[in-house]
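A short worksheet on the structure shown next.
The values are calculated or read from the model by the stated rules, or taken from the named source; none is laboratory data. This is a predicted model, so every value here is computed, not measured. Every residue, glycine as well, gets a Cβ built from its backbone with ideal geometry; the counts of neighbours run over all protein chains shown. These area figures cover heavy atoms from the full protein model, side chains too; ligands, DNA and RNA do not enter into them. Shrake-Rupley method; radii C 1.70, N 1.55, O 1.52, S 1.80 Å.
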Amino acid sequence: MVKITIEDLVVAGEVVGGRAFDDLLGRFVDEQAEILEYIEELCEDEDLSYVEEGLLVQITLHMWQVFRIRGEIRAPADRKTLLALESACAEKLEMLEKLSRERPQKEEIPGDYLMEIYRDHPQPEAARSAMLLVLTADKDKDQISPAAVVLPVMTIVDYFSGVPLQEKHLLELKDLNPRRWNGIADFRLTEPSLDNTGRMTAGKDFTSLEEANAFMREHCCGKPAKAPPANPRQAAQDIIYQAMDAHNPHVRAHLARKALALFPDCADAYNLLAEEDAETDEKALELYRKGIEAGARALDSEISALQGRMWGDLKGRPYMRARAGEARALRAMGRREETERAYFELLRLNKSDNQGIRYLLLSLYAETMAFDKIHAFINNGEYPEDCAAEWLYTKALAAYALNKPDATSCLKAALSINKYVPDYLLSDKKPPLEGYDGSMRMGGEDEAYYYAMDFKKAWHGTPGAKVWLKTGRDSLSLPKVGRNDPCPCGSGKKFKKCCGR
């Protein structure tokens with residue numbers, strides 16, 4: 001265990017203060033990206049503020065610089081080590097809390113109480129200095145909560161100073177999954193396994209399905225598929241997979257640049273830079289277009305063969321993501337005609353539309369009440385079995401606005417698929433959050449809520465549409481009656497003259 005002194009921290013602080021933060025952070029990511037991920041995870045779990053997150057990063061950079069100045073480059077942090085240290089710190093904190101409860105007559109201010117934690121710390125000077133930085137912050141102005149950040153501060157100090165781990169804390173983590181966090185919630189995280197499986201089976205001449213299944217059971221079942229890259233493109237994409245699974249935006253952007261240095265035609269690297277590094281829509285558009293060019297070069301002659309089914313080949317997905325990003329940036333900039341063309345190009349390249357571009361096109365049309373375009377697009381026969389709320393309810397609205405004879409049947413079809421949509425279109429109702437896991441369920445209230453977010457304006461802006469929707473919703477739930485019977489709604493009119501129209 002290396003002894004860290006106050007003098008070390010003072011010198012490191014002077015070095016940190018004299019460096020450009022982005023350059024310093026970039027070098028840090030090269031060596032210790034896992035610590036930034038650890039900090040990001042804690043900030044999500046504990047709901048720490050940006051100020052508190054920044055404080056943790058600053059303390060981390062100070063500790064890291066101590067060893068760089070000494071020429072003692074620390075080995076990259078291991079996730080299990082960080083979590084085991086955190087567990088040990090939490091155990092000590094729990095003991096102190098128990099002690100405090102047993103001595104209620106002793107009143108302690110939070111700062112004094114937290115400083116007790118460092119009484120027997122292996123690195124008392126470094127630990128106390130880091131803690132004092134927390135305690136002396138302007139709590140009212142900077143929203144620093146010492147109790148919330150004490151564990152990560154201790155864990156970072158312990159890691160960099162090489163505090164030996166207790167075996168019991170490592171044993172607690174022996175069955176830990178590869179990551180405690182879920183990563184970025186998008187379809188990209190399904191691709192590493194598919195990619196590695198494809199690499200493993202490349203060149204295999206299986207004589208039967210049984211032989212192929214036996215190979216997959218032996219190499220893939222019960223463990224992640226992993227195959228070394230065969231060329232720079234695959235090596236760069238592996239780096240991108242790491243970036244996709246990273247929470248910290250600095251880590252993601254740094255890994256994207258690393259991938260580009262290895263393979264300049266890595267389209268996903270430009271996509272990630274557009275997401276994390278672009279400060280304006282114009283800059284994002286520039287990066288996405290570089291991604292389109294890079295993706296086209298990487299596909300080379302294959303780009304023609306993949307027309308119409310581009311998403312079906314993993315090699316084509318980075319290119320498709322770059323094109324979708326271009327459309328998103330154009331729309332954010334208000335360039336509607338270019339956005340429309342970009343959407344149609346995406347649909348031409350991949351007719352099955354795995355990216356959901358058709359719904360974005362409908363919402364684009366709905367913004368300007370372009371019902372003739374909506375009706376023509378929905379009824380072109382490309383997606384006859386689509387049962388999403390975006391499709392069926394927008395189809396019904398366009399039919400109503402254009403006075404089409406099938407408007408009522410379109411509305412009935414929509415209501416039968418998702419009965420919750422009218423509630424969200426006709427009011428400011430919020431979806432229930434209990435049990436919500438971030439996904440969207442077809443036919444559920446979350447789908448209804450998100451549909452209303454994009455299409456409520458079009459429904460409210462179409463004369464009579466809200467009344468027509470409410471009437472249709474109510475009549476669908478009424479008991480069946482004859483056309484000449486009194487309307488069950490209580491209006492006094494015949495059903496055929498009221499809700500049965």
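Applying the criterion of at least 3 residues that are of a type in the set (Lys, Arg) and touching a residue at least 12 places away in the same chain (Cβ under 8 Å) to the helices (runs of 4 or more DSSP H) found wholly in the range 203-303 leaves 249-262, 281-299. Just one of the numbered conditions (1) closer than 15 Å to Val157 by Cβ; (2) at pLDDT 70 or above is not true of Ser87: (1). Just one of the listed residues (Tyr365, Tyr383) is assigned to a helix (DSSP H, G or I) and of a type in the set (Ser, Thr, Tyr), namely Tyr365. On the basis of being at positive phi and open to solvent by 50 Å² or more (accessible area, probe 1.4 Å), does Gly356 make the cut? When the stated conditions are applied, Gly356 does not pass them. Within the range 355-364, the set of residues being at pLDDT below 95 and touching a Lys or Arg at 6+ places or on another chain (Cβ under 9 Å) comprises Gln355 only. Sub-8 Å Cβ pairs linking a first residue in the range 151-167 that is more than 14 Å from Ile4 (Cβ to Cβ) to a second residue that is in a loop (DSSP other than H, G, I, E, B), at least 6 apart or interchain, are Pro164/Met1, ordered by first then second residue.
Taken over the range 1-39, the criterion of being assigned to a loop (DSSP other than H, G, I, E, B) and either charged (D, E, K, R) or within 22 Å of Asp245 (Cβ to Cβ) (or both) is satisfied by Lys3, Arg19.
Here's the yes/no breakdown for (1) of a type outside the set (D, E, K, R); (2) over 20 Å from Glu31 (Cβ atoms); (3) out of contact with any strand residue (DSSP E or B) (no Cβ under 8 Å at 6 or more places or on another chain); (4) open to solvent by 70 Å² or more (accessible area, probe 1.4 Å):
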| site | (1), (2), (3), (4) |
| --- | --- |
| Asp238 | no, no, yes, no |
| Arg252 | no, no, yes, no |
| Asp268 | no, yes, yes, no |
| Asn271 | yes, yes, yes, no |
| Glu279 | no, yes, yes, yes |
| Glu282 | no, yes, yes, yes |
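Met63 meets each of the listed conditions (1) farther than 16 Å from Thr155 by Cβ; (2) modelled with pLDDT of 85 or more; (3) among the aliphatic types (A, V, I, L, M) apart from (1). Note on the range 405-431: residues that are more than 15 Å from Lys470 (Cβ to Cβ), in a loop (DSSP other than H, G, I, E, B) and not acidic (Asp, Glu) amount to 4. Within the range 304-322, being assigned to a helix (DSSP H, G or I) and crowded, with 17+ Cβ neighbours inside 10 Å holds for Met310, Trp311, Lys315, Gly316, Arg317, Pro318, Tyr319, Met320, Arg321, Ala322. Of the residues making up the range 15-30, those that are open to solvent by 30 Å² or more (accessible area, probe 1.4 Å) and more than 20 Å from Gln123 (Cβ to Cβ) are Gly17, Gly18, Arg19, Ala20, Phe21, Asp22, Asp23, Arg27, Asp30. Within the range 359-369, being buried (at least 19 other Cβ atoms within 10 Å of the Cβ) and among the hydrophobic types (A, V, I, L, M, F, W, C) holds for Leu360, Leu361, Leu362, Leu364, Ala366.
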